[in-house]
Amino acid sequence: MTTKRKETRESVCYREIKKKIRNGELKPGDRLIENTLSQQLEISRTPIRKAIGMLAADGYVEYNDFRGAFVRDSIINKERYFEMTEIIGLFLKQAIQKIRTKKITFNKMRVVAKLVEIEREENPADPAIYFEYEKWFVSDLLTYMKNNYYLKISDDFFNNIQEFGDEEVIKIAQNACVKTVANIQRFIDALEEQDYDQCMAIIDQVIDAHVLVAYR
């Protein structure tokens, strides 16, 4: 019989403080006072201090010299999500332009095979797998840019949605990604046919789909 490992005190503190940040009880700019948190959580200051360090490493907290630890403005709301989605769309359009001007051969079968692979390994009814597929596809297309800066921004965008997105953003992202899979199929067909204007139009449709999902 497997024995469940007991949760450490700093892990308990980490989870509870993170919950306060995510639900808005602790807001961006709020100072994390060890004594206050210790009293609220009924745990000594040492695990509180360790938990704050863990939260800083994960991007929820930042340290200000001589003033202590403060809650970062890290939570991604709907407006911030849309802004970043627009930026990713611009990156993808630049990748298409690069493929067009450099007459680069696009590997359609690799993109199709990746979706088949994901659906075999995961539950196809779970929208989270299409989020992972969209993340992979965007990264794959941006490799044609040969620009690590674009790739990092893209990876950070998708990773931050999962870590910092509020409940509404995560729901929008996952629901929109289900629609995105059909658009990706249309996109790679157009790209194979070198219909680059159609590719640009499909990217606009993908971005619009995220907005429509949010306000339907």
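Below are the figures for this structure:
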| read-out | value |
| --- | --- |
| Residue match in segment 82-91 (condition: more than 13 Å from ILE188 (Cα to Cα), touching a helix residue (DSSP H, G or I) at 6+ places or on another chain (Cβ under 6 Å) and either among the polar types (S, T, N, Q) or loosely packed, with under 13 Cβ neighbours inside 10 Å (or both)) | yes |
| Complete set of residues in segment 178-200 that are closer than 23 Å to GLU79 by Cα and without any contact (Cβ under 8 Å) to a residue 12 or more places away in the chain | none |
| Pairs, first outside the structural domain of GLY59 (by the TED database) in segment 163-177, second not in a helix (DSSP H, G or I), C-beta under 6 Å, six or more apart | PHE164/SER74; PHE164/ILE75; PHE164/ILE76; GLY165/ILE76; ASP166/ILE75; ASP166/ASN77; VAL169/ILE76 |
| Residue within segment 36-59 that is closer than 30 Å to TYR144 by Cβ, open to solvent by less than 90 Å² (accessible area, probe 1.4 Å), outside any helix (DSSP H, G or I) and not basic (Lys, Arg) present | yes |
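The values are calculated or read from the model by the stated rules, or taken from the named source; none is laboratory data. This is a predicted model, so every value here is computed, not measured. A quick note on method: Cβ atoms are made from the backbone with ideal geometry, for glycine too, and the neighbour counts reach across all protein chains shown. These accessible areas exclude ligands, DNA and RNA; they are computed on the full protein's heavy atoms, side chains included. Shrake-Rupley method; radii C 1.70, N 1.55, O 1.52, S 1.80 Å.
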